[in-house]
Amino acid sequence: MKRKLTFVVLSLVCLVFTFSAVSLAKTQTAISKDGVAVSYSVYGKGDTALVFIPGWSCNSSVWKNQVPYFSKKYRVVTLDLAGHGKSGKERTVYSMESFGQDVAAVVKKINAQKVILIGHSMGGYVIIETAKIIPDNVIALVGIDTIQNLEEAYTPEQVVEFVKPFKADFKKTTDSFVRGMFVKGTDPKLVNEIVDMMSNASPAVGVSAMENMFSTSYVTNPPNIKTPVWCLNADLWPTNAEINRKYVTEFNLRLMPGLGHFIMLEKPDEFNKQLDEIIKEILNRSK
């Protein structure tokens, strides 16, 4: 009984220490290429830096379940892209390349030499752009429910039509749009939290980023990625690995079936286990 009580107390101490370390991380600022301030935080230590990039109209809080887990073994970096969260909003055009410059500025600021970029949703486009800017620092890209088909492209007319309702009523349209990213049975509280975050994002930033994201074509402008690419995706939208392998030297895919778009929040324990295995595989291959 005494041994069991001691174990419980030690477990609680470790838990408190972990969350205290996370909560005490200082928010810092890097300056992107165009002068916009990019907010970021660093947790843990290690030779390998895991840089987590959120998606469209999201902020770094989407990685709240990953920071305590991965910062035990790695240097974990979370950030808010320009126009999002605590970062500056002075930019006029929120392109994928400019977001890549945001991430590159953070990597340079912390002097990370061995980086794994982890991007959710729109963050998949961002990590591709970042790898073009700082290829010598990046050892692998990991997309989270993204990069489903590198040949997916839209005409200018299709982009205009898709974005039109967001321009008319960003909050209402985003609310409906985001609810469609979840499967039946998802925790309603979680759905509402994500909907609230995204629908209350900056309309000007959201519209600009969406226009630029859907205007990106890797058919006309191949990504030319030399580092390994992994995707940990849901099956809500199909991933065409064979098409992706036409554009990427090495493309690897893992699926978490039966989930919606925010797999890191919907099933965090399973997600962390899967991502941890991917990272170990990346590091083993890079030796």
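The values are calculated or read from the model by the stated rules, or taken from the named source; none is laboratory data. Bear in mind that the values here come from a model prediction, so they are computed numbers and not experimental data. Every residue, glycine as well, gets a Cβ built from its backbone with ideal geometry; the counts of neighbours run over all protein chains shown.
Structure notes:
- Once the range 264-287 is narrowed to residues that are in contact with a strand residue (DSSP E or B) (Cβ under 7 Å, 6 or more places away or on another chain) and not polar (S, T, N, Q), the residue that is farthest from Ser61 (Cα to Cα) is Ile282.
- Restricting the range 202-236 to residues that are under 18 Å from Phe162 (Cα atoms) and of a type in the set (A, V, I, L, M, F, W, C), the residue that is surrounded by the most Cβ atoms within 10 Å (Cβ to Cβ) is Ala209.
- Residues satisfying the stated conditions in the range 94-112, i.e. within 19 Å of Gln28 (Cβ to Cβ), assigned to a helix (DSSP H, G or I) and not polar (S, T, N, Q): Phe99, Asp102, Val103, Ala104, Ala105, Val106, Val107, Lys108, Lys109
- For the range 111-158, filtered to residues that are of a type in the set (Ser, Thr, Tyr) and in contact (Cβ under 8 Å) with a residue 24 or more places away in the chain, the residue that is farthest from Phe251 (Cα to Cα) is Tyr154.
- Being surrounded by 15 or more Cβ atoms within 10 Å (Cβ to Cβ) and part of a loop (DSSP other than H, G, I, E, B) is not true of Ile139.
- Annotation note: Cβ proximity below 6 Å between a residue of the range 237-255 that is within 14 Å of Tyr218 (Cα to Cα) and a residue that is at pLDDT below 95 and part of a strand (DSSP E or B) (sequence gap 6+ or interchain) occurs for Val248/Ile225.
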